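Input: a single structure, listed below in structure tokens.
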Amino acid sequence: MNFADLGLSDELLRAVTESGYSEPTPIQASAIPSVLMMRDLIGIAQTGTGKTASFVLPMIDILSQGRTRALMPRSLILEPTRELAAQVAENFEKYGKYNKLSMALLIGGVHMGDQIKALEKGVDVLIATPGRLMDLFERGKILLTGCELLVIDEADRMLDMGFIPDIETICSKLPKTRQTLLFSATMPPPIKKLADKFLSNPKTIEVARPATTNVNITQRVVQLRADKKREALRTLLKGEDVRTAIIFCNRKTTVRELNKSLRASGFASSEIHGDMDQPARLAELDRFKRGDVNILVASDVAARGLDIKGVSHVFNFDAPWHPDDYVHRIGRTGRAGALGAAFTFVTAEDAENIANIEKLTGQKIERYTLPEREPEAEATAERPRREREPRREREPGREKPRSNAPTFEAKVEAEPEVTPVAEPSPRRDPAPRRDAPRDTRRDDAFEPRRERGGRRDRRRDHDDDRDDGGWNGPIPAFLDVTLGR
């Protein structure tokens, strides 16, 4: 089967062929004819199966007939995230280039004035996130009474993000006689209840069992300690044949810190997370798509629906908290029949999460052992630790000398020990005569110590040379005892 067998117009087939597609995917082959027949539809398909084109292509042909009215969009597509909304807009531009359809994109992080101007002109296709749509609706800038076709995309993701009440409000404002298409990777009870309430006799198309993973993706679990994650990631990025990779983290702070670490290690990486404004996020996605960087570190804001060609690897730096998120994360690789690989880092605290993932997908994920590091790398890694060992052996309270010169204590310890000179025995060496000059007695007493050159002697000699403020001039006459003799 090819696209020409699905009943699409010649202009649309020309755009599809120029985009490089010739055969529809199973979800496209099943959904497009039903949508063209104006039936309500529930499409259950895993990510990467061409789900977006399954509603974009027939919508272009349906909306090619008719005219627009100010503030009243003819069709509405609800997406859970800005990135998904922008991607659907790109699909309309790519496949609708030979059809004169107007389109508006209502997402947060973009100036509202330009969006209002587009609505005032009238649009055929309105692509929106629930929050921005409700904001403009409450301001009276948009009317939903002329909407003929509603698409609720990624319904299970809408449920996770808490958008179901907003969707119910939006659906209540739409005409009851409309066509509604609902797409979801899984069908939990709240989504089933939503479908029963707002869809009329829908056709259900299920091309894969709910929550199954793509058979083209090789899945592996890497068990390690939390402090070894970065080292393991660098090893895999260097050892695997990684062309382009998306690395998922659970927290925005982890995204920023990991991207900084990868760039410091020489990898061409970028980041995308919820704290970035919309222009910055789109700019980083464009860099990744162009190949300016080949590694994208992302939070779950980028987990669903991003159709980026050639992603060879997905790394779950943090094991996902919800099993459904695992399916959508690894769905970024192995798309359109290509092969892909997914690695999930698992710590002891993640054991329950992995068990829930394996229960949901119905398959046991292979445990993977990292290759051992080369001896040179081990020696290099251990060298700083050995260099720090002498510092740990230093005595407590002992400070490192500030200069290379030895301290006073070190000098004293280094000097050879001076043997004390025995005092002269009174029997052998009688005490000096009292009439001997004082200078002679002093010199005789210290002369032996000077000859030995000990440090203590040199210090005392140096002390004798100091100016202590005494008299050094001629003896005054009244003190000269030789006068008058």
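Taking all protein chains as they are arranged and a probe of 1.4 Å, the heavy atoms of PHE55 leave approximately 0 Å² accessible to solvent. Scanning residues 5 or more positions from THR344 or on other chains, those with amide H under 5 Å from its amide H are ARG220, VAL221, VAL222, ASN316, with H placed 1.01 Å from N in the peptide plane.
Projecting label points 7 angstrom from Cα along Cα→Cβ for SER64 and ALA336 puts them 2.3 nm apart. Once the chain from LYS309 to MET72 is taken as fully extended at 0.36 nm per residue, the excess over their C-alpha distance is 81.8 nm.
To the nearest 10, the accessible area of TYR21 is 80 Å² with a 1.4 Å probe. Residue separation of THR145 and ASP241 scaled by 0.36 nm, minus their Cα-Cα distance, works out to 29.3 nm of gained length. Distance from the C-alpha centroid of region 72-146 to that of region 310-364: 32 Å, rounded to the whole angstrom. The mean sequence distance of close C-alpha pairs (under 8 Å, at least 6 residues apart), as a share of the length of region 90-138, puts its relative contact order at 43 percent. The 1.4 Å probe gives accessible areas that order GLU358, GLU240, GLU138, largest first, as GLU138, GLU240, GLU358.
Of VAL242, VAL16, the residue with the largest accessible area leads and the full order is VAL242, VAL16 (1.4 Å probe). For the pair LYS121 and GLU366 in one chain, pulling the backbone fully straight at 0.36 nm per residue adds 82.7 nm over the alpha carbon distance. Think of a 1.4 Å ball rolled over the protein heavy atoms: region 103-240 then has 46 Å² of accessible area per residue. Close amide H partners of ILE247, meaning residues 5 or more places away or on another chain with modelled amide H under 5 Å apart, are LEU296, VAL297, ALA298, PHE315. Let me know the shape class of region 79-123, please: from the alpha-carbon gyration tensor, a ≥ b ≥ c as square roots of the eigenvalues, rounded when a/c is under 1.5, otherwise prolate if a/b is greater than b/c, or oblate. Oblate, because a/c is 1.5 or more while a/b does not exceed b/c. Summary value for region 282-355: 31 percent relative contact order, contacts being C-alpha pairs under 8 angstrom separated by 6+ residues. With both labels modelled 7 Å from their Cα along Cα-to-Cβ, the ASN99 to ARG251 distance reads 4.6 nm. Taking each of LYS173/LYS197; LYS228/LYS309; LYS51/LYS289; LYS117/LYS309 in turn, the alpha-carbon distance tops 23 angstrom for LYS228/LYS309; LYS117/LYS309. When nucleic acids and ligands are ignored and a 1.4 Å probe is applied, ILE127 ends up with an accessible area of around 0 Å². Taking a ≥ b ≥ c as the square roots of the eigenvalues of the alpha carbon gyration tensor, region 326-376 is oblate, as a/c is not under 1.5 and a/b does not beat b/c.
Solvent-accessible area of region 84-211 (1.4 angstrom probe, protein heavy atoms only): carbon and sulfur portion equals 51 percent. Accessible surface comparison of MET37, MET161, MET72, probe 1.4 Å, protein chains only, largest first: the order is MET37, MET161, MET72. At q = 0.12, 0.20 Å⁻¹, what is the base-10 log of I(q)/I(0) for region 1-112 according to the Debye formula with one equal point scatterer per Cα and no solvent? Please give it to two decimals. Results for region 1-112 at q = 0.12, 0.20 Å⁻¹ read -0.43, -1.21. For region 1-54, the square roots a ≥ b ≥ c of the C-alpha gyration tensor eigenvalues yield an a/c of 1.5 or more together with a/b not exceeding b/c, which makes the shape oblate.
Selection among GLN115, LEU133, ASN91 by position relative to the dipole of region 50-173 gives GLN115 as farthest towards the positive end (Cβ unit charges, Cα centre).
The values are calculated or read from the model by the stated rules, or taken from the named source; none is laboratory data. Owing to the predicted nature of the structure, the values given are computational and were not obtained by experimental measurement. No Cβ is skipped: glycine too gets one built from the backbone with ideal geometry, and neighbour counts run over all protein chains shown. Calculation scope for accessible area: heavy atoms of the full protein, side chains included, ligands and nucleic acids excluded. Shrake-Rupley method; radii C 1.70, N 1.55, O 1.52, S 1.80 Å.
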